[in-house]
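Notes to accompany the following structure.
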Amino acid sequence: MSYLTAPSLTAPARLHAFFPPPALDPLRPTVAVVLGRDVTEVADALAPYAVFRASGAFNVVTVAETREPVMLTGTLDVLPHYAFAQLDAALGHAPDVIVVPNVPNIHANEALRLWVKRHGQGSSLVLSVCVGAEMVAATGLLDGRAATTHWGDIARIERTYPTVQWVRGQRYVDDGQVISTAGILSGMDGALHVIARLRGRLLARQTAQTPYAARWPGASNTTDWQLPSLHVDQISGPLAGQFRVQEGAWHTARSSSRTRRRRNAYGARGWWVTSRRAHGSSQTRAHRVKG
């Protein structure tokens, strides 16, 4: 994946010498995960990246305005595989899939917006993750289309982009050339859906069984992926033992005493943050905060 940078490696030339861009297999479709020049949501970028890589069927690269270290949330610095112009030249055509994570500062990332717009108006399939839908909406690619985004931001984004048909209560929305996902790790469901579209349902199901995907207790819009039940040691922190699979959807198997103990141990804020990242349902999140 993208290369973590050491503090002593500061000169771009030295970084490029140590970490050349990966070779691209011309027989495989290419997935490009865009990164902002200032900051990008770490889970939005790395979770779909891991799923596409786990499938073994794609070239998967990160790309940014320049090939210099950029920051992900959590102050993780990453060296993109390619700059926009470099990837265009290396491929000789548009990427097959562009993944757009949440890049909060849209105005500071005009080059990213224009690159996504140009290829999205061409042949690229665009997958927005979480609030990455706001960046895609800013390109105009969502005008007149159905889309979703993080439940906590959808009302705000809807006011800014009223021509988009914003959908609530879905983990992802497929509107042809643009696919959008709901909050944070719903990007894994969206990535599995893209794999199914481009490489078939069998590969998507196989990918969903890998450790990279099966650790996420999410459920897509249908029973497509049939993720297996997880052992408690596969879910970290206070969520261990909280979920089970039933008919393709995840239901809470709560114990009120256990819930109280975990909330006391982690605090209300820590419990809410972990719950928020471990389930795509806004109703479940609201219930955990109140309960």
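Hey, rough spin-label estimate for Arg168 and Arg201, points 7 angstrom out along Cα→Cβ, what's it come to in nanometres?
Output for this residue pair reads 3.1 nm.
Tell me, in nm to one decimal, what length is gained between Ala23 and Asp77 on full extension, where the rule is 0.36 nm per residue of separation less the Cα-Cα distance?
17.2 nm
Using the beta-carbon distance between His107 and Gln86 and R0 = 30 Å, what value does 1/(1 + (r/R0)^6) give for FRET efficiency, to the nearest 0.05?
0.80
No value in this document is a laboratory result; all are computed from the given coordinates. What you are looking at is a predicted structure, and each value in this text was computed from that prediction instead of being measured. Virtual Cβ from ideal backbone geometry, glycine too; neighbours counted across all protein chains shown.
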